[in-house]
Amino acid sequence: MATISLSSVGKVYPGGTRAVSDLNLDIEDGEFMVFVGPSGCGKTTALRMVAGLEDITEGTISIGDRVVNGVDPGKRDLAMVFQNYALYPHMSIFENIAFPLRARHMAKDEIRSRVERAAGLLGLTEYLRRKPRTLSGGQRQRVAMGRAIVREPQAFLMDEPLSNLDAKLRVQMRSEIANLQKELGITTVYVTHDQVEAMTMGRRIAVMRKGVLQQEGPPQNVYAHPANIFVAAFIGSPGMNFFEARVERCEASYQLHLRDQVLSLEPGVVRGRPSLEAFVGRCVGVGVRPENLALVDESSGSLRARVSRVEVLGAEALVYADIAAKAVVADEVIEAADSGEGDTRAPGSTGDEGEVTLIIRTDPSLEIDVGDRIPISVRQDRLHLFDIGTGMAIWT
Amino acid sequence: MSAPPSKAVLRRRRKILVRHVPWVLAIPGIVLMLVLRFLPAVGSAGYAFTDWNGLTLSANSVGLDNFGRIFSRGGGLGALANTLILAGVLLVVANVGGLALALGLRGPLKTRNLLRAMFFIPFALSHLATGYIWQFIFSYKGPFNQILDGLGLDSLQKAWTADPQWALYTIALVICWQYTGLTMIIYLAGLEGIPEELDDAVAVDGASRWMKFRRVTLPLLAPALTVACTLTLIWGLGAFDQVIALTGGGPSGATETLATMVWKNTFVFGEYGYGAALALVLALIVACMALAQMFLLRRREDKL
C-alpha cells in the first residue's frame, strides 16, 4: 500500500494532441479515488500514466517515495483491472489469477495458496478449472479482480471495470468492489464516466474535462459546492437546472430578473457572496438541483412555471415545468449534458422558444396535470450562481 | 378459391426455405468443383494401375506395379526424400522466419509498412520467373559467387545449383525466401487479432518478453499457426516451379521431387500410368500429412 502523487503531470501525444494538462493530485494511502468525466477528458490517460502504460510528457508521478516516471509497468507493483477484463482466453481461471505470480517466479505452493485464497474471497473457487469464455460477465469481472488482488500490490488501478455489465449487475459489483477495497485497504484509483458510480464508490472524486482537473474532493462536497458550471452540470442525475438571470440591486439585497419573473435573493445568499456586487446589471447563470425546487402553495411560491410533463418513478416523481427564461448555452453545460447517463434531458434545455424546462423532484402522490401553472419555491441556501463568462461558481 | 395458408404452414415453409436456400446457392460451385477438379483427379487415379502412355486408345492393367516402382531403389524414393526435406525445411524456416518478421514489424517502426511490402513481394512475383533469376544469381559466375569472392571467401565458390550436395538446399533457400513473406502476413493478421488490453495486462502483470511470447502470444496465435503451417506444408510437398527453374531436377536427379517426377513421367517420358501413380502417392501424402497436422494444431485452437 502506498500513496500516489501526481505533480504537474501532462501528456501530449505525438500528433500534438494534449490529453492531460498540469495534473496535480495526491492520493492517500488506502484511499479510493475516482477519476470521473466525459469521454476524452483524459481520465484514462491519467490512469495509464500511473500504470506506466503511457509515457509522461511533463511532471512526475510518485508511488510511495519512489518517482516512477521511467519505471516499467511490471516494476511499479500495481495491479490493473481493465474495461474488457483482459483475461487470457486460453488459460483456466486458476492460471489467469496465477499469471502475475508466475511472472514473479513465486513458489508453486505459495501460488496455489494465494490463488485459492483470492478465489475464495471472490466466490470463484468452483470455477478455477474453467475457461473465461464459460463464465458470465460478472464472473469474469471477479476473475479480473482476483488477478489484481492476488498480487497484494501497492495500489489497484481500475479502468471502467463495470461498463460492460448490465445495470443490475453493475450496482451489485459496485458495492462488491467498494467493500473489497475497504476490506483490503489498498490504495485504489478508479476511472469511470458514470457519475453515479463515482459518487457511490469514491471516498474522493476528481472531475476532469478536456485533460484538466476541474475539481476534487469528497463526492458530497463536489455535489453541494461545484467549483464551476461543468462540474455542476456533470454531477447529479437528473442534472442541475440552469437558466440565465440578470442581477439587480434591490435595497440592501439583490434580485434575479428572469424574462417575466423576479426572484429575490435572501440575505443569507447575498451575505456569503460579496462579489455579486460586480455582477449588478449583468446576467449570471443560475443553477438549482431538482430536489431543491419544491411545489408550494400559491402564496409562498417564488417562481411560477407551466407543467409540460410528469414522470412518476415510484418513490418520487419528476415534474418538468417551463419558465420564461434564457437557457445557459455554455459549452461546459452542453458537454456535461451530452455525456449524462440516465438523465432525461439536457440541463437547462429549452422547452418552447424562450423557455427553460426545469425538473422538480417531488412527492409522487401530488396530483399535477400537464398544462397546470404551478408555484415553485427555491431552496436558496442551495442556489448556485455562475459567472457566465468564465463558468466559475460565485461562492465569495 | 382456396383459403390462404395458415400461420403455422407459412412458418413451416419458411423454415424449409431457410434450411435449403444455402444449399441451392452452393450447388453451382459444388458442381463446378466436382466436374473440373475432383472427377478428373479421380478419373486419372484409375490410370495409376495401367501402363497407358498417354497417346494410345487402350491401356493394360498392371496392378500395383507402378507403385512398386515408386518405392523401389532408383525409382521415386529419392524424389520422395527430397520432397519431404523441402517440405520440412520450408515448414520450419518459413514459419519461424515469418513469425519473427511479424513480431518485429508489429511494433511502432516507422518503416514497417515498407518493410512488410518488401518481405511480401517475393510471394507475389511469378515463382518460375524469380526461380530463373535465382538460377542466374547462384550460377558459377553469378553475383552470389562474386560477393563471396569480394569477401575473400573464394574457396567457398561453387556452382550452387549444379552441386549435388548443395543444389537441394539452394532450392530450399529460394522457396523459403518466397513463402516467408506470406507467413509473415498470416502471423501479422493473427497478432492484430490479439486485443491490445492483453498486452497491457501482461505489462502490468510484470511478465518477461519470453514469458509473454510463450504463455500468451504463441497460444493466441494458434489459428494463424494452423493456417500458416498447413499452407507451407502443402506448398513444400508440391514444390515444382522453383525446382524446374533452378535445377530441372538435376544434377542427375539430386533435386528431383515427386511433383517434378509426375510432370516428367507424364509429359516428357510418355509414362502416363506411372505419372498418375506418382500423382496419387503425392496427393495421399499431402492429404494425410496436412490433415494430421491440422488435427494436432486444431486441438491447440480448441483451448482458446
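The values are calculated or read from the model by the stated rules, or taken from the named source; none is laboratory data. Being a predicted model, the structure only gives us computed values, none of them experimental. Every residue, glycine as well, gets a Cβ built from its backbone with ideal geometry; the counts of neighbours run over all protein chains shown. Ligands, DNA and RNA are stripped out before the accessible areas are found, and what is left, the full protein with its side chains, is counted by its heavy atoms. Shrake-Rupley method; radii C 1.70, N 1.55, O 1.52, S 1.80 Å.
Per-structure values
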| item | result |
| --- | --- |
| Where a label projected 7 Å from the Cα of A:LYS75 along Cα→Cβ would reach, residues of segment A:48-65 with amide N under 17 Å | A:50-56, A:61-65 |
| Estimated FRET transfer efficiency when R0 is 35 angstrom, pair A:LEU169-A:SER92 (beta carbons, to 0.05) | 0.95 |
| Inter-label distance for B:ARG214 and A:GLU298, nm, one decimal - labels placed 7 Å from Cα along Cα-to-Cβ | 8.7 |
| Of B:PRO223, B:HIS127, B:GLY74, farthest towards positive along the dipole that unit charges on Lys, Arg, Asp, Glu beta carbons give the protein assembly as shown | B:GLY74 |
| Shielding score for B:205-211, defined as the mean number of other chain Cβ atoms within 10 Å | 6 |
| Ordering of B:275-287, A:130-142 by burial proxy (mean other Cβ atoms within 10 Å per residue, highest first) | B:275-287, A:130-142 |
| Using θ = phi - 60° and Karplus 6.51 cos²θ - 1.76 cosθ + 1.60, couplings along segment A:293-303 (whole Hz; Gly, Pro as x) | 10, 9, 7, 10, 5, 3, 6, 9, x, 9, 9 |
| Cβ-defined net charge surrounding A:LEU256, 9 Å radius [Lys, Arg +1; Asp, Glu -1] | 0 |
| Cα gyration tensor, segment B:73-303 - rounded (a/c under 1.5), prolate or oblate | oblate |
| Counted charge near B:LEU105, where neighbours are those whose Cβ lies closer than 10 Å (Asp, Glu -1; Lys, Arg +1) | +3 |
| Antiparallel DSSP beta bridges within chain A, percent to nearest 5 | 75 |
| Shape category assigned to chain A from the gyration tensor of Cα positions, a/c cut at 1.5 | prolate |
| Fraction of accessible area attributable to carbon and sulfur, the protein assembly as shown (%, probe 1.4 Å) | 59 |
| Cβ crowding within 10 Å averaged over residues, with A:356-365, A:112-121, B:85-94 ranked highest first | B:85-94, A:356-365, A:112-121 |
| Lysine pairs meeting the criterion (Cα under 28 Å, 8 or more apart or interchain), as found in segment B:73-303 | 4 |
| Sites B:LEU148 and B:LEU109, calculated FRET efficiency, Cβ-Cβ separation with R0 22 Å, nearest 0.05 | 0.10 |
| Test item: A:75-82 mean partner chain Cβ contacts at 10 Å | 3 |
| Computed label-point distance, nm, for sites B:ASN53 and B:ALA124 using a 7 Å Cα→Cβ extension | 4.8 |
| Neighbouring partner chain Cβ atoms per residue of A:85-92, average, 10 Å criterion | 6 |
| For the protein assembly as shown, share of DSSP beta bridges that run antiparallel, in % to the nearest 5 | 75 |
| Percentage relative contact order, segment B:73-303, counting C-alpha pairs under 8 Å, at least six apart | 31 |
| Chain lengthening between A:ARG373 and A:SER8 when straightened (0.36 nm per residue, less Cα-Cα) | 126.2 nm |
| Accessible area expressed per residue, segment B:73-303, with surrounding protein chains retained (probe 1.4 Å, Å²) | 48 |
| Relative packing of peptides A:189-197, B:219-227, B:29-37 - highest average C-beta neighbours within 10 Å first | A:189-197, B:219-227, B:29-37 |
| Global geometry of segment B:55-115, whether rounded, prolate or oblate, following the gyration tensor of its Cα atoms and the 1.5 cut on a/c | prolate |
| Interface burial for B against A (accessible surface, 1.4 Å probe, total of both chains, Å², rounded to 100) | 1900 |
